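*Asks:* Pasting in a structure now, in structure tokens, and then I'll have a few things to ask.
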Amino acid sequence: MDRIASGHARLDALLGGGLPANGINLIIGHPGAGKTILAEQYLFHNADRSHRGVYFSTVSEPFDKILRYGQSLSFFNIDAVGDYIFYDDLGEAVKNGGLPAVLEQIDEVFKEQQPRFVVIDSFKALRSFALDDAEFRRFLHDLAGRLTVTATSSFWIGEYDRSQAASAPEFAVADAIIALDAKRTAERELRVLQVLKLRGSGFRSGEHAYRISEKGLDVFPRLADELDTTSYPLSAERVSTGIPALDEALGDGYWPGAVTLIAGPTGAGKTLLGLHFLFQGADHGEAGVLATFQENTTQLARIAKGFGWDTERPDVNILSRSPVDLYVDEWAYDLLELVERSNASRVVIDSLGDLLYASPDDARFREMMYSLSQRLGRRGISLIMTHETPELFRIARLSEIGMSHIADNVVLLQYLRAESKVKRALLVLKTRASNHHPEIREFQIQPQGIVLGERFSSEQRFD
């Protein structure tokens, strides 16, 4: 099956290679969802002098307004307008002569321009000018026949909602249906794209985040990878944590490609353990990435400098994002692209709580983190994730977000009270394929970073 590309690689992949050529594509959604932008994105990417395009407006937005706003988009080529992309208004025809007049005007444009790509915006508005359901169905049949005979790829835009799929005949005629929507959770709003129908093709199911920018629709398909059972090579050489005593407690460090969860209360040293890991790798020629929501780059540079580390070095890359208005899918692709670009071997995510807060739901968060850890692990990239526990003392639960099961290693940081003193303690709770030492050891934060002390003796008492 021939395909129509959008010019956006992630959207085309989501659609299994693109929309079907010579088909009827219905783009639905509420006003302001980006339907017109998406249709124009396809039109300007595919039309040329040998394959002309026509954009029909009806009785929704005025013709000149569509052109004016279109010129604010980077893909909008003003030189193409009037050359091989043409804008035409069906509004007067439908108001004066109804649906028969619309077909007559479309026939005239087809004879003159012989387009291969056609947009009708808004198609739903034409329904109001039908005398009855029977006339509208005849109109649909006649229009679909014209488009099929001329091998035209068309895009019908309308303010439909998904509940109309069972009753509106347009949904039955369409070869592909793309729904654009906005989901609201508390004060957050997330734009989502979903493929409701795609004849003769597989596609990525579910809701996928997108943003609207001057480039058009930027789509971020949900990270929900199926289990990959194929084998892949893994190095047998251990990866140091950057703290010799912790390497010993883990059974000589981490396995390459392992996932490590560092959990503990606020201020216990979770971020500092991650920085040890990154800078130790950088000192041995392994580039790293720190994805942080806790500090901006200036704050992070000040923290690192206090321990003798330089965040400006080229082999340590910082991905700093605010948890406000964060799209977790967009963040995941930004992280993967930075890892690819920097050829990183080590990644630290600080922290999981911020990602969970930005996620639409818990299930979405879990499938994303599973997929992300699998993608990194199969490439031998070691991942550390930090998570803040709610308890300061006597930690009773490791994580309410279910991340410990995907971790190969679990390191617990905690506070212990001994008389009038509060001490920091570290415990390796879990290591896969390693003989670790499950001992509670005191540690201190000194100018050189985290320094592990001796294990607590059984005689010591803590409240």
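The values are calculated or read from the model by the stated rules, or taken from the named source; none is laboratory data. Values in this document were obtained by computation on a predicted structure and should not be read as measured data. Here the Cβ is made from the backbone with ideal geometry for all residues, glycine too, and neighbour counts use every protein chain on show.
*Asks:* Select from segment 200-223 the residues that are part of a loop (DSSP other than H, G, I, E, B) and in contact with a Gly (Cβ under 7 Å, 6 or more places away or on another chain) and write down the one among them that is farthest from Ala174 (Cα to Cα).
*Replies:* Selected residue: Arg222.
*Asks:* Would segment 201-215 turn up any residue that is modelled with pLDDT under 90 and over 21 Å from the mean Cα position of the chain (by Cα)?
*Replies:* Scanning segment 201-215 turns up at least one residue that is modelled with pLDDT under 90 and over 21 Å from the mean Cα position of the chain (by Cα).
*Asks:* Looking only at helices (runs of 4 or more DSSP H) that fall completely inside segment 1-81, which ones have 1 or more residues that are over 22 Å from the mean Cα position of the chain (by Cα) and not charged (D, E, K, R)?
*Replies:* The helices (runs of 4 or more DSSP H) meeting that bar are 35-46, 63-70.
*Asks:* Let me ask another. From (1) in a loop (DSSP other than H, G, I, E, B); (2) surrounded by 15 or more Cβ atoms within 10 Å (Cβ to Cβ); (3) charged (D, E, K, R); (4) out of contact with any helix residue (DSSP H, G or I) (no Cβ under 9 Å at 6 or more places or on another chain), pick out the condition that doesn't hold for Asp247.
*Replies:* Unmet condition: (1).
*Asks:* Same structure again: When the residues of segment 439-463 are narrowed to those that are surrounded by fewer than 14 Cβ atoms within 10 Å (Cβ to Cβ), at pLDDT below 85 and out of contact with any helix residue (DSSP H, G or I) (no Cβ under 9 Å at 6 or more places or on another chain), which ends up nearest to Leu246 (Cα to Cα)?
*Replies:* Glu454
*Asks:* Scan segment 252-293 for residues that are buried (at least 24 other Cβ atoms within 10 Å of the Cβ) and among the charged types (D, E, K, R) and report the count.
*Replies:* Number satisfying all stated conditions: 1.
*Asks:* A further question follows. For segment 170-180, state whether one or more residues are assigned by TED's automatic domain parsing to the domain that holds Val54, of a type in the set (Gly, Ala, Ser), part of a strand (DSSP E or B) and at pLDDT below 90.
*Replies:* no
*Asks:* Anything in segment 117-160 that is surrounded by 15 or more Cβ atoms within 10 Å (Cβ to Cβ), without any contact (Cβ under 8 Å) to a residue 40 or more places away in the chain and either of a type in the set (S, T, N, Q) or part of a loop (DSSP other than H, G, I, E, B) (or both)? List them, or say none.
*Replies:* Ala130
*Asks:* Return the pair list, or none, for Cβ contacts closer than 9 Å from residues in segment 308-324 that are among the hydroxyl-bearing types (Ser, Thr, Tyr) to residues that are outside any strand (DSSP E or B) and surrounded by fewer than 15 Cβ atoms within 10 Å (Cβ to Cβ), at least 6 apart or on different chains.
*Replies:* Pairs found: Thr311/Thr297; Thr311/Lys305; Ser320/Asn296; Ser320/Thr297; Ser322/Asn296.
*Asks:* I would also like to ask the following. From the list Arg424, Arg366, which residue is of a type in the set (D, E, K, R), within 19 Å of Leu275 (Cβ to Cβ), buried (at least 17 other Cβ atoms within 10 Å of the Cβ) and modelled with pLDDT of 85 or more?
*Replies:* Result of the check over Arg424, Arg366: Arg424.
*Asks:* Here's a follow-up. State all residues of segment 208-248 that are touching a residue at least 40 places away in the same chain (Cβ under 8 Å) and in contact with a Pro (Cβ under 9 Å, 6 or more places away or on another chain); if no residue qualifies, say none.
*Replies:* Hits for segment 208-248 are His208, Ala209, Leu234, Ser235, Val239.
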